[in-house]
Amino acid sequence: MKVGIVGGSFDPIHYGHIQMAKTALQDLACDEVWFMPTKSTPLKDRSLTADVHRLAMIQRVMAYDDRFRLCTLEMDREGKSYTIDTVKTLKQKYPAYEFIWMIGNDQLAQFDQWKDPEELTSLIQFVCVDRDGQLVPTEYPIQRIHMEAMPVSSSEIRQGNKLNYVPYTVLGYIYEHRLYVENFIAARETRHRYKHSVSVAHLCEEMALANGLDGQKAYYIGLFHDIAKNMDVQHMEQWMDAICPENKKWAVPVWHGFVGSEIVNRVFYLDDPQIKNAIYHHVLGDDHDDPYAMIVFCADKTDPLRGYDSTDLINQCKADIYQGFWAVKNENDKYLEEGK
């Protein structure tokens, strides 16, 4: 049995990892590929997402090929996870197996920082998969092979970038369990705007649940409602010209609702017409039929972080979103009229 090992934190797993596994099967004639998630990574200073979530995301990739396997040897080990210990355990447990450890250029560049790198390369074959076109120099006897370019990293995905490199089932799990999603917002909004968006998201969820609606859907509407707020005018105008030039009649501060409704779908792959509709209408509050559009309008206007006592209006929205919506809208219209 010839087994390729693809190790990593898989936080989250993406098509780069999958392509590396396919390369082991196709180019190295491996019979199986074992995905080896680590419990903690000595060369990273951040906390990893909970084991249960990383395992669940990897499990969703197993269906891509019946030669894919999940090996939890490192994750089951307490404390720091060193590859040298894993290799020795593998050779002891599976003496008849031939193992090939797959790494990328990023790991090759810091291979001298691994524990006992000379002994490692004497115990097991290492293969570096070039997935970014760069030739990293090394003093170690590590084979190099090329694979289809996969210009993506888990850190980029955790910031909400390159989500098209995440398998659909994995992305669904991320949204289902709200993994990384507040980072998506933090990476694109000012600190003040980010805090407002998170606050509105939770208020939307509370209002939705109180009205017997989908709290998760409402949470995402609130979280993404201002996603285009910090976009520069020139960039926003390009979006407006592409998606709804007829709406350029509105003042520029209104545009972020129209643009944001497209961004949630085209950039973040939240393909839900109610999410899109609610964000589209949240600035003007001109959808009087869709309760989710009403909820985000009300939550945006009554966000406690705005600094005034909105308790009564919030309670009215929780009791009945239709009546609460008109109460909030009337208050907002009065405020705008007084500000003229």
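The values are calculated or read from the model by the stated rules, or taken from the named source; none is laboratory data. A quick note: this is a predicted structure, and the numbers were derived from the prediction, not measured. Note that each Cβ is placed from the backbone with ideal geometry, even for glycine, and that neighbours are counted across all protein chains shown. Keep in mind that these areas ignore ligands, DNA and RNA; they rest on the heavy atoms of the full protein, side chains included. Shrake-Rupley method; radii C 1.70, N 1.55, O 1.52, S 1.80 Å.
Could you tell me whether Asp66 is of a type in the set (Asp, Glu) and on the phi > 0 side of the Ramachandran plot?
Numbers: of a type in the set (Asp, Glu): yes; on the phi > 0 side of the Ramachandran plot: no.
Spelling it out, it is not the case that Asp66 is of a type in the set (Asp, Glu) and on the phi > 0 side of the Ramachandran plot.
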> Which condition number in (1) farther than 21 Å from Ser153 by Cβ; (2) in contact (Cβ under 8 Å) with a residue 60 or more places away in the chain is the one that Asp85 fails?
Replying inline: (2)
> What single numbered condition from (1) open to solvent by less than 30 Å² (accessible area, probe 1.4 Å); (2) more than 23 Å from Gln113 (Cα to Cα); (3) in a loop (DSSP other than H, G, I, E, B) fails to hold for Ala29?
Replying inline: (1)
> Among the residues of region 182-198, which ones are in contact with an Asp or Glu (Cβ under 8 Å, 6 or more places away or on another chain) and of a type in the set (D, E, K, R)?
Replying inline: Glu189, Arg193
> Which one is most open to solvent (accessible area, probe 1.4 Å) among residues in region 43-92 that are touching a Phe, Trp or Tyr at 6+ places or on another chain (Cβ under 7 Å) and more than 17 Å from Ile5 (Cβ to Cβ)?
Replying inline: Arg60
>> Of all residues being open to solvent by 50 Å² or more (accessible area, probe 1.4 Å) and under 17 Å from Asn230 (Cα atoms) in region 243-266, which is nearest to the chain's Cα centre (by Cα)? Just the residue, please.
In response: Pro253
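Please go through region 158-205 and give me each residue that is of a type in the set (Val, Ile, Thr), under 17 Å from Tyr15 (Cβ atoms) and open to solvent by 20 Å² or more (accessible area, probe 1.4 Å), ordered by number. Quick ask: steps written out before the conclusion?
Residues of region 158-205 of a type in the set (Val, Ile, Thr): 166, 169-170, 174, 181, 185, 190, 198, 200.
Narrowing the set further to residues that are under 17 Å from Tyr15 (Cβ atoms) leaves 166, 169-170, 174.
Once the filter is applied, which keeps residues that are of a type in the set (Val, Ile, Thr), under 17 Å from Tyr15 (Cβ atoms) and open to solvent by 20 Å² or more (accessible area, probe 1.4 Å), region 158-205 yields only Thr169.
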> Among the residues of region 148-166, which ones are touching a residue at least 40 places away in the same chain (Cβ under 8 Å), out of contact with any Phe, Trp or Tyr (no Cβ under 7 Å at 6 or more places or on another chain) and farther than 21 Å from Arg46 by Cβ?
Replying inline: Glu148, Asn164
> Does any residue in region 316-340 that is within 15 Å of Glu206 (Cβ to Cβ) and modelled with pLDDT of 95 or more come within less than 7 Å, Cβ to Cβ, of a residue that is open to solvent by 90 Å² or more (accessible area, probe 1.4 Å) and assigned to a helix (DSSP H, G or I) six or more places away or on a different chain, and which pairs are these?
Replying inline: Gln316/Gln323
> Since Ile279 meets every condition but one in (1) hydrophobic (A, V, I, L, M, F, W, C); (2) open to solvent by 10 Å² or more (accessible area, probe 1.4 Å); (3) under 32 Å from the mean Cα position of the chain (by Cα), which condition does it not meet?
Replying inline: (2)
> Hey, among the residues in region 140-183 that are at pLDDT below 95 and of a type in the set (D, E, K, R), which one's farthest from Thr83 (Cα to Cα)?
Replying inline: Glu148
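Considering only region 206-218, how many residues are of a type outside the set (Lys, Arg), surrounded by fewer than 24 Cβ atoms within 10 Å (Cβ to Cβ) and touching a helix residue (DSSP H, G or I) at 6+ places or on another chain (Cβ under 9 Å)?
Just the residues of region 206-218 that are of a type outside the set (Lys, Arg), to begin with: 206-216, 218.
Now drop any that are not surrounded by fewer than 24 Cβ atoms within 10 Å (Cβ to Cβ), which leaves 206, 209-216.
Subsequent filtering for residues that are touching a helix residue (DSSP H, G or I) at 6+ places or on another chain (Cβ under 9 Å) retains 206, 209-211, 213-216.
Residues in region 206-218 being of a type outside the set (Lys, Arg), surrounded by fewer than 24 Cβ atoms within 10 Å (Cβ to Cβ) and touching a helix residue (DSSP H, G or I) at 6+ places or on another chain (Cβ under 9 Å): 8 in total.
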